[in-house]
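First the structure, in the form of structure tokens, and then the observations on it.
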Amino acid sequence: MNIEAIRQHCLSLPHTTEQIQWGADLVFKVGGKIYASVVLDDGQLGRLSFKSNPEGFAELIERDGIEPAAYVARYHWVTALPPHVLHDDELRSLIRASYDLVLAGLPKKRKQELLSAPARRRKTSRSSRRRSPRRTRH
């Protein structure tokens, strides 16, 4: 899957938002919590990170092209290096599983708010994805 296909899949999941974070990472969130991120920086373009369960984490990091994610591996996050060794269907399934894990881990009140509200997505424009958000003075 290329970056745009990953983006389209993530945005198809209910209540997903996207934003640029840490300079050049496109992150996808549900309820304000990240469930997947893709590096947009030329040096590491296409590195995809997502959450897994403990058993899936152990299996995934045994595969070539998948490694424990920097800083968050202790929470069972993995990084798939480009070109992705996972088939598109498997990658979609793993992203959905990450989404489900993060959604399940949200506080009860926040989860109920999301599940009772109509599914809405906030999209950023293509031009704003390429640069850092501007800070406003108060």
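The values are calculated or read from the model by the stated rules, or taken from the named source; none is laboratory data. It should be emphasised that the depicted structure is a prediction, and the values quoted were computed from it without experimental measurement. FYI the Cβ positions are ideal-geometry reconstructions off the backbone, even for glycines, and counts take in every protein chain you see.
So which strands (runs of 3 or more DSSP E) stay within the stretch 45-138 end to end and still have 1 or more residues that are modelled with pLDDT of 95 or more and either under 16 Å from G32 (Cβ atoms) or touching a Gly at 6+ places or on another chain (Cβ under 7 Å) (or both)?
Qualifying strands (runs of 3 or more DSSP E): 48-51, 77-80.
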Note down all Cβ pairs under 9 Å where the first residue falls in the stretch 1-29 and is at pLDDT 95 or above, the second is hydroxyl-bearing (S, T, Y) and part of a loop (DSSP other than H, G, I, E, B), and they're at least six residues apart or on different chains.
T17/T124; E18/T124; Q19/T124; I20/T124; I20/S132; L26/T124
Do you know which residues across the stretch 34-44 are exposed (fewer than 15 other Cβ atoms within 10 Å of the Cβ) and outside any loop (DSSP other than H, G, I, E, B)?
D42, G43, Q44
Pairs returned, first residue in the stretch 49-60 that is closer than 16 Å to H84 by Cβ and touching a residue at least 12 places away in the same chain (Cβ under 8 Å), second residue that is among the polar types (S, T, N, Q) and surrounded by 16 or more Cβ atoms within 10 Å (Cβ to Cβ), beta-carbon separation under 7 angstrom, 6 or more apart or interchain, are S49/S37; S49/T79; F50/S98; S52/S98; L60/S52
Being farther than 16 Å from L13 by Cβ, touching a residue at least 24 places away in the same chain (Cβ under 8 Å) and hydroxyl-bearing (S, T, Y), is that true of even one residue in the stretch 69-79?
yes
